[in-house]
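Peer 1: Below is a structure I'd like to ask you about.
No lab work stands behind these numbers, since they all come straight from the coordinates. Not measured: the values here are computed from a predicted model. All Cβ positions, glycine included, derive from the backbone under ideal geometry; neighbour counts span all protein chains shown.
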Amino acid sequence: MCLKLSTLDGAREVYVLRVDNSYPDGDKPPAHDVSYNAWNYLYKGVLATETPYAGGGIDVTYSTIPMTDSNCQALLKNPDKKLPVSAGTGGNYVEQCLAQPGSWVSTNIGLWNIKTQACTIGYDEPCSVDGNNPICNHTVNTGPAITNLPVWNVEYPSGKLVLAA
């Protein structure tokens, strides 16, 4: 779940969470996307929010790092350091993780009743799970606009922070 990406010369490295994957498209290999800020740092040694660069793919090495590593824990911004997952849309992922008792994710998953990836709709409330069914105080995947959990994107190629929609 946590990866360390390093430049081929070992001069720069970043830690990222592997939260999705892509699949081959015909004869094209799968994409290995990272955030613009991470790419910019690996490419030029500065964050895109400081000095943005434009470009394409770069060669890096990667290694899988245990989620208990402090560099990986630092990527989790919530106080309880659990992996936040949407209760309404994370069902299959949650079920697969819980089927691996003792794994870091199975013991550190945090379900939240938030409908959108940008944290704009739902209830800022933790949920539990019974089998594959989330149990929340309010109906799952409903709720008002959420304004206290801003999610910021780094815009390509300007490097400007923009509120995710």
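Peer 1: Determine ³J(HN,Hα), in whole Hz, for all residues of segment 45-51 in sequence, where each value follows from phi through the Karplus function 6.51 cos²θ - 1.76 cosθ + 1.60 and θ = phi - 60°; x replaces Gly and Pro.
Peer 2: Result, ordered by residue: x, 9, 6, 5, 6, 9, 9 Hz.
Peer 1: A follow-up question, please. Among T116, G55, S70, whose Cα sits farthest toward the positive end of the charge dipole of the chain (+1 at Cβ of Lys/Arg, -1 at Cβ of Asp/Glu, about the Cα centre)?
Peer 2: The residue sitting most towards the positive pole is S70.
Peer 1: Sticking with this structure for a sec: If a/c stays under 1.5 just call it rounded; otherwise compare a/b with b/c (prolate if a/b is bigger, oblate if not). Do that for segment 2-67, with a ≥ b ≥ c from the square roots of the Cα gyration tensor eigenvalues.
Peer 2: Values: a/c = 1.75, a/b = 1.28, b/c = 1.37.
Oblate shape, in that a/c is at least 1.5 and b/c is the bigger or equal ratio.
Peer 1: For segment 70-165, rounded, prolate or oblate, judged on the Cα gyration tensor with a ≥ b ≥ c (square roots of eigenvalues), a/c < 1.5 rounded, else prolate if a/b > b/c?
Peer 2: Working: a/c = 2.22, a/b = 1.31, b/c = 1.69.
Here segment 70-165 falls in the oblate category.
Peer 1: Structure shown: which of K28/K77; K28/K160; K4/K81; K28/K82; K28/K115; K4/K28 lie over 29 Å apart, alpha-carbon to alpha-carbon?
Peer 2: K28/K77; K28/K160; K28/K82; K28/K115
Peer 1: Given the -39500 (n - 2.57) contribution per DSSP H run of 4+ residues, what per-residue ellipticity at 222 nm results for the chain, rounded to the nearest 500 deg cm²/dmol? Write down the numbers at each step before the final one.
Peer 2: Working: 4 runs with 26 residues, N = 165.
Rounded to the nearest 500, it is -4000 deg cm²/dmol.
Peer 1: Then there is this: Take the Cα coordinates of the chain, assign each an equal point scatterer, and use the Debye formula without solvent to give log10 I(q)/I(0) at q = 0.12, 0.13, 0.19 Å⁻¹.
Peer 2: Summing over Cα pairs of the chain leads to -0.67, -0.78, -1.34.
Peer 1: Shifting gears a bit: Which residue fluctuates the most in the chain, going by a Gaussian network model with Cα springs under 10 Å, if the choices are N78, N37, N108?
Peer 2: N78
Peer 1: If you take every DSSP beta bridge whose two residues both sit in segment 16-128, what share of them, in percent to the nearest 5, is antiparallel?
Peer 2: If I count the DSSP bridges inside segment 16-128, around 50 percent turn out antiparallel.
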